[in-house]
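To keep things clear, I will list the structure first and then write my remarks on it.
The values are calculated or read from the model by the stated rules, or taken from the named source; none is laboratory data. What you see is a predicted model; the values in this text were computed from it and never measured. For neighbour counting, all protein chains shown are included, and Cβ atoms are generated from backbone atoms with ideal geometry for every residue, glycine included. Calculation scope for accessible area: heavy atoms of the full protein, side chains included, ligands and nucleic acids excluded. Shrake-Rupley method; radii C 1.70, N 1.55, O 1.52, S 1.80 Å.
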Amino acid sequence: DAGVTQSPTHLIKTRGQQVTLRCSPKSGHDTVSWYQQALGQGPQFIFQYYEEEERQRGNFPDRFSGHQFPNYSSELNVNALLLGDSALYLCASSLLRPTNYGYTFGSGTRLTVV
Amino acid sequence: SQQGEEDPQALSIQEGENATMNCSYKTSINNLQWYRQNSGRGLVHLILIRSNEREKHSGRLRVTLDTSKKSSSLLITASRAADTASYFCATDARMSNNNDMRFGAGTRLTVKP
């Protein structure tokens, strides 16, 4: 049973460029949440998608946008990249209502902005 | 914004000792979860405790929840070198009907062989 798959694993971009990160959720999960984790910090909530709609959003600018497809997979897009966007981006899948199993996380995409 | 805060930020113990990490949060919750992260990898779910539960066990893990103090603790008994990792608590917000988890900054645990 595949867990959460994220691609790519590593990415280097230049300031001002745009990036798209991809996530395939665990089989049976319908909700995808995205997190940004800076080095030595905890994951910061970006947004959550369910039924192809953004249901919750954290304190991130509009440069961060996303999408969920009918097969529950998701994309995170970041425009006009800043040096401060360098981080590990984590995708987590779950059911909309919490279960005893919590979130299933992917291994993340390490984004470096130069 | 972060909901939970872990304490201590870092903890170093010898193999075989117990490790206790604490988490405090600000608003009422539906449930609290603990996760583990090995360096630079994804997080792994350890245990979920609901707001109407006071204690939960899973193997060598024991989690307590005190909603009156808005705090939780994670106890790892008989620690092993393989337990070396960062540990995070995550909470939802009672006002939210969704499984929308916010994480603290974590406790970095080092278990020396």
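Summary table below
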| read-out | value |
| --- | --- |
| Enumeration of residues in region B:1-27 that are small (Gly, Ala, Ser), in a strand (DSSP E or B) and open to solvent by 10 Å² or more (accessible area, probe 1.4 Å) | B:Ala10, B:Ser12, B:Ser24 |
| Looking only at region A:75-99, and only at residues there that are modelled with pLDDT under 95 and in a loop (DSSP other than H, G, I, E, B), the one that is nearest to the other protein chains (Cβ to nearest Cβ) | A:Pro98 |
| Flag for A:Tyr72 being under 17 Å from B:Tyr35 (Cβ atoms) and either within 14 Å of another protein chain (Cβ to nearest Cβ) or of a type in the set (Phe, Trp, Tyr) (or both) | no |
| Verdict on B:Ser86 being open to solvent by less than 30 Å² (accessible area, probe 1.4 Å) and part of a loop (DSSP other than H, G, I, E, B) | no |
| Residue selected from region B:60-83 under the condition among the aliphatic types (A, V, I, L, M) and under 17 Å from A:Asn100 (Cα atoms), by the criterion most open to solvent (accessible area, probe 1.4 Å) | B:Leu61 |
| Output for region A:64-84, where each listed residue is open to solvent by 10 Å² or more (accessible area, probe 1.4 Å) and either under 10 Å from the mean Cα position of the chain (by Cα) or not hydrophobic (A, V, I, L, M, F, W, C) (or both) | A:Ser65, A:Gly66, A:His67, A:Pro70, A:Asn71, A:Tyr72, A:Ser73, A:Glu75, A:Asn77, A:Asn79, A:Gly84 |
| Scan of region A:26-36 for residues that are within 13 Å of chain B (Cβ to nearest Cβ) and under 11 Å from A:Val4 (Cα atoms), ordered by number | A:Lys26, A:His29, A:Val32 |
| Qualifying residue in region B:28-43 (condition: assigned to a loop (DSSP other than H, G, I, E, B), away from chain A (no Cβ under 14 Å) and more than 13 Å from the chain's Cα centre (by Cα)) | yes |
